[in-house]
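Presented below is the structure to which this report refers.
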Amino acid sequence: MVEKLKQTFDEMIVYKDLKKSSFLSALGLPAFLRDWLLKRFADADGVFDTEELAAFVHRYLPRKEEWTAIKNRIVIEREQVKLLVRISVDIDIKSGAVSFALPDFGLTARETMIEEYVWQSCKDALTAARETWGMVELSYRPPTGKPQEKGKITLEAFKSFCPYTIDLDYYKDARRDFTTAEWLDVLLGAVDYNAAGYRDEEEKLTMLTRLLPFVEKKLNLIELAPKGTGKSYLFGRVSRFGWLASGGVMSRAKMFYDVARRQDGLVASNDFVVLDEVQTITFTDVNEMRGALKSFCENGWCNIGTHRVDGDAGVVLCGNIKKEIMDQDGYANMFEELPPVFHESALIERFHGFIKGWQIPRMTDDLKVAGWALNSEYFSTILHQLRDDMSYRAIVDEIVEVPDGADTRDTEAIKRIATAYLKLLFPHVRSAGDVDVQDFERYCLRRARKMRDTIRVQLGILDSEYRGKDVPQLTVRKG
């Protein structure tokens, strides 16, 4: 299949060897940055000069603790410094001034500025998303002596992190070159996993289910799994479009809206927000957080005071589960160790599906990719763009039969999950006539029903009102 992969995707594949490449692991880079570097420095055989790559990382990808030294170079030494960073822009409505922030280093828009001529040259790239990655050139403009004027770090130039234009239609059509079994392996390689390390198709599909919030808007999932199955890696290091919060304290201000700063939170600027190790997360105000979560998970928006927060982010809860609680039929109380905020049935009902993480094998060297695979940066961008394609949901609505009296939330959950599976596994489908009914039933609809069924069973354990209510049996429309 390697030759087929090379012929089909050409420049969009890289040689990944996570089993042997301790050098890349030591750098601690997210997958999308690592693959961008490999593409830049590796030759046709996937071989790269470690010294050259390390020098680039040291020069342009500084650690957070180096920020003070960088500020010294910019402000005191008056150097013009280049960095590869995550950047966001702010436009002041009153003054028309444009500024920027570097979130990873704590540099705020109040401390920066973008000159008009620079803004005109790079505004399209900087306004394409709330945040973007790219190569920035920074310098310092000292105060001129006017009252209350302060010095500013200025943006002198910006070059987008993505050096190519994504052809989404080409990606969709490329799927036709692969069987479904081959495509599962392609997807696993794209997110750094070795398909040969999995025992069967079910393990592969359960692993890939974690990608559903990457490709479908407002998809809320819960995953409980044993330790060491790679939850944190996949959600936190593969895509630049999501956010992983691991343990600690989570406030309504950080997740939804900071009233004091008048700043939207994580759900407004990410494709998905993952609360990892959720059993160790504490919330500053349980009732505030529960109310905001219920509204956002239901509608994609919530009101914080007089401010409305809108977003397309899916909310994902990830936690570890004891071996004795794991239950293939989902009839044990699997949520008893979750924080109290999640002990309310009305909130849990707004999560669309459940991932049985115990069906995913514990991470070993055999599961790490070692060979040619899709560039993770390219792949995660494809998934990000597929989120805006509403044609897949229209297909699902057309081919799925909903029984009379079906619960609306259950129906919506099943259709949303099935749509995400369709985008992920069968992106070449352009109309209802393109759908292989048996494949759709097997890989999309049936799996969606099972994921929702686990949520429904857990609801019955939490609240007697939900007991005895089965998930509606949505089927593929005949004819």
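We did not get these values from a lab; they are worked out from the coordinates using the rules stated. It should be emphasised that the depicted structure is a prediction, and the values quoted were computed from it without experimental measurement. Neighbour counts run over all protein chains shown; Cβ positions are idealised from the backbone, glycine included.
Spatial offset of segment 190-224 relative to segment 84-118 amounts to 36 Å, using the alpha carbon center of each.
Can you find, among 382, 411, 369, the residue farthest towards the positive end of the dipole of segment 366-431? Put +1 on the C-beta of Lys and Arg, -1 on that of Asp and Glu. Value computed over the given set: 369. Reported value for segment 1-136: 149 Å³ per residue, from the convex hull of its C-alpha atoms.
Relative protection proxy for 384-392, 181-189, from highest mean packing down: 181-189, 384-392 (other beta-carbon atoms within 10 angstrom).
Under the classification rounded if a/c is under 1.5, otherwise prolate if a/b is larger than b/c and oblate if not, where does segment 263-407 fall, given a ≥ b ≥ c as square roots of the Cα gyration tensor eigenvalues? Verdict is rounded for segment 263-407. The calculated FRET efficiency for residue 63 paired with residue 123, based on their beta-carbon distance and R0 = 22 Å, is about 0.15.
Rounded to the nearest 20, the Cβ-based charge dipole of segment 64-160 about its Cα centre (Lys and Arg +1, Asp and Glu -1) stands at 160 debye. Which one of 157, 112, 145 has its Cα pushed farthest toward the positive end of the charge dipole of segment 64-160, where Lys and Arg give +1 and Asp and Glu give -1 at the Cβ? The listed residue farthest towards the positive side: 145. The length gained on full extension between residue 366 and residue 475, counted as 0.36 nm times the residue separation minus their Cα-Cα distance, comes to 35.4 nm. Let me know the shape class of segment 202-343, please: from the alpha-carbon gyration tensor, a ≥ b ≥ c as square roots of the eigenvalues, rounded when a/c is under 1.5, otherwise prolate if a/b is greater than b/c, or oblate. Taking the square roots of the gyration eigenvalues as a ≥ b ≥ c, segment 202-343 is prolate. Computed from phi, the 3J(HN,Hα) profile of segment 293-303 under the Karplus parametrisation 6.51, -1.76, 1.60 (θ = phi - 60°) reads 5, 4, 5, 5, 5, 7, 10, x, 7, 8, 9 Hz, with x in place of Gly and Pro.
For segment 15-97, the set of GluC sites (Glu not before Pro) satisfying both a DSSP loop assignment and a count of at most 16 other C-beta atoms within 10 Å is given as 77, 79.
Taking Lys and Arg as +1 and Asp and Glu as -1, the other residues whose beta-carbon sits under 9 Å from that of residue 313 total 0.
Three semi-axes describe the equivalent ellipsoid of segment 64-160; taken as square roots of 5 times the Cα gyration tensor eigenvalues and ordered largest first, they are 19, 18, 12 Å. About the centre of its Cα atoms, the chain shows a dipole size close to 880 debye [charges on the beta carbon of Lys, Arg (+1) and Asp, Glu (-1) only; nearest 20 debye]. Segment residue 232..residue 408, full-extension length gain: 60.1 nm, with 0.36 nm per residue of separation and the alpha-carbon distance subtracted.
Measuring r between the beta carbons of residue 51 and residue 249 and using R0 = 41 Å, the FRET efficiency lands at 0.50.
Taking other C-beta atoms within 10 Å as the exposure proxy, 302, 444, 122 rank 122, 302, 444 from fewest upward. With R₀ set to 25 Å, the beta-carbon distance separating residue 263 from residue 115 gives a calculated FRET efficiency near 0.55.
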